Amino acid sequence: MAIQKITPFLWYSAAQVEEAAAFYTNIFPDSRIVKVTPITSAGDTKVVDFELFGQPFIAMGSGQPEAFNLSISLMVDCADQAEVDRYWNALQEGGGAPLECGWLKDRFGIAWQIVPDDLMRMMADSDPIKAARVAQAMMSMVKFDVAALRAAYAGTAG
């Protein structure tokens, strides 16, 4: 098994760090909180190691973190509309907000992209007409309609 060299590291307030990790691990399968480590030498600081879909993450809770913004997001590839709907709705619970083009912010301010797993392939198709139809359809959506994106790609959108 290869050793992971890069791990996403998220900074929350001390009051939110465990809540955020629990929120995410309850949404995604193959997810868990691995450990919570209080850093007593740094006041009320905690480090939470957790996994989403088996992918390691680290969250620190301490002080007043910088606000999350859209320059970093977490993208979730979804097999079908049911999966898009499930993650889209779950990540907005408790105060999240939809954005556009498959993006949303959760209640902690993290930006997520909830996308069909074939979107990038369709957008990068060597046929510029197919790719443009998908891009045009995508730009008109907030939450993705998987069937409409695939119909735009196929040229069967009505």
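At-a-glance table
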{"read-out": "Condition check for Tyr24: on the phi < 0 side of the Ramachandran plot, in a helix (DSSP H, G or I) and in contact with a Cys (Cβ under 7 Å, 6 or more places away or on another chain)", "value": "no"}
{"read-out": "Test: residue in the range 70-86 that is surrounded by 14 or more Cβ atoms within 10 Å (Cβ to Cβ) and under 14 Å from Leu10 (Cα atoms)", "value": "yes"}
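Read-outs: derived from the displayed coordinates by stated rules, not from any lab. Just so we're clear, the structure is a prediction, and the values are computed from it rather than from any experiment. Virtual Cβ from ideal backbone geometry, glycine too; neighbours counted across all protein chains shown.
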